[in-house]
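Here the structure is laid out as structure tokens; the discussion comes afterwards.
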Amino acid sequence: MATKLTTTREERGKAIAQLKGQIKRIDANTYTVLSQSGHGKYEVLKSSIDWMCQCPDHIYRGKKCKHIHAVIFSKSLRAEVAITKISPIDNFSECIYCHSTDIMKKGLRKNKSGTLQKYLCRNCGKYFTFNVGFERMKHNPQAITTAMQLYFSGESLRNTEKSLRLLGVKVSYRTIHNWIKKYIGLMERYLDKLKPDVSDTWRADELWMKFKGDMKYVFAIMDDETRFWIAQEVAETKHRHDARNLFQLAKKVTGKKPDVMITDGLRSYHDAYKKEFWTLRNPRTKHIRHIKLRGDMNNNKMERLNGEIRQREKTMRGLKRKDTPILKGYQIFHNYIREHSGLDGKTPAEACGIKIEGKNKWLTLIRNASKRNI
Ligand SMILES: [Zn+2]
Ligand SMILES: [Zn+2]
């Protein structure tokens, strides 16, 4: 009889990974796997050298046990997150909506900045121009997206104005500010419809920054694994802030609750956790209150975001309202545009399954966000 009676540890691990609710991610290097005999669970840890498990098979035989295999399989499952691709609109021979090549010139569109050729798609019946998103603008898409890149990389509005002048684009910093407001709003409405596939461990923290001389706090929730900046809120004070809206927003953006929520000791986080994430029944989000210590490595990710934004402080003086689109622009820049060395050069959005294609990601985003029948 050739029937195979034993299965390998690897096969058993794979089987565990395919069952629901067996593996919990605590952080990038710590997982728990339920014992398959139904009693308790084992902690699986990744050290700099190898994986370790608390189970007897691993401890006494020193083998890569089924729990370790299960975690490895589940991690690779996450790596196969379905990718949503947002492609550039730069093929001038096909419809921007349905990609049919059955298009014809049909009328002109006139405005202050000149005349644009309109097209009609004979397949889907929609009208469009190939300058979608910039039809009413006096300046070209290259100048506008360059300004956004400069500004969100840390240049002030005035320096951005000077740099554009070197490229032959004469425009005031006020106009640049208006471009940014207009296009961030547009991109925000478009990106709000996409759901990032974030991990199950989130981290909340607050950054402080000056708005027109007043100290304000920006409260943020980040995904621990992909560094996707899930939600933000601006508050006047640190200690009396109600974090509940922030937690609600994070649930809405991702469509889920995390397994683990890491915050500092701030009371409002615990209140918000109890109201928004705590449930009577399992699975229940675990709240880790992390008291910040100086030089604490665990909070490095937040510290980095702080650095990313804090350097802006000096250039943020022009901000008038607390809900300024500029902060939203930072979030978009951080999530969708800026490639992250800690993510092998991917953007946080790519790590969450949303890929913005094309050489100029701003342009791809703006054009896709602007598609509408004209
Ligand atoms: Zn094990
Ligand atoms: Zn079409």
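The values are calculated or read from the model by the stated rules, or taken from the named source; none is laboratory data. What you see is a predicted model; the values in this text were computed from it and never measured. Heads up, the Cβs are rebuilt from the backbone with ideal geometry, glycines too, and the neighbour counts pull from every protein chain shown. Heavy atoms of the whole protein, side chains included, go into the accessibility calculation; ligands, DNA and RNA do not. Shrake-Rupley method; radii C 1.70, N 1.55, O 1.52, S 1.80 Å.
Annotations
- Ranked by the mean number of other Cβ atoms within 10 Å per residue, highest first, peptides 228-235, 217-224, 20-27 order as 217-224, 228-235, 20-27.
- Each eigenvalue of the Cα gyration tensor of segment 324-374, multiplied by 5 and square-rooted, gives one semi-axis; in descending order these are 21, 14, 9 Å.
- Residues in segment 6-85 average 64 Å² of solvent-accessible surface per residue, probe 1.4 Å, ligands and nucleic acids excluded.
- Backbone geometry of segment 347-363 corresponds, through the Karplus equation with coefficients 6.51, -1.76 and 1.60 at θ = phi - 60°, to 3J(HN,Hα) couplings of 8, x, 4, 4, 5, 9, x, 10, 10, 8, 8, x, 5, 10, 5, 4, 5 Hz, x marking Gly and Pro.
- Ellipsoid equivalent to segment 11-76 - semi-axes via the Cα gyration tensor, in Å: 15, 14, 11
- Expressed as a whole percent, the accessible surface of segment 228-284 that belongs to carbon and sulfur atoms is 48, based on a 1.4 Å probe.
- Hydrodynamic radius by Kirkwood, which averages 1/r over all alpha carbon pairs of segment 115-250, in angstrom: 18.3 Å
- Given Lys105/Lys359; Lys85/Lys359; Lys46/Lys252; Lys85/Lys195; Lys20/Lys257, the pairs whose alpha carbons are separated by over 23 Å: Lys105/Lys359; Lys46/Lys252
- For segment 110-191, carbon and sulfur atoms together expose 46% of the accessible surface, with a 1.4 angstrom probe and every protein chain in place.
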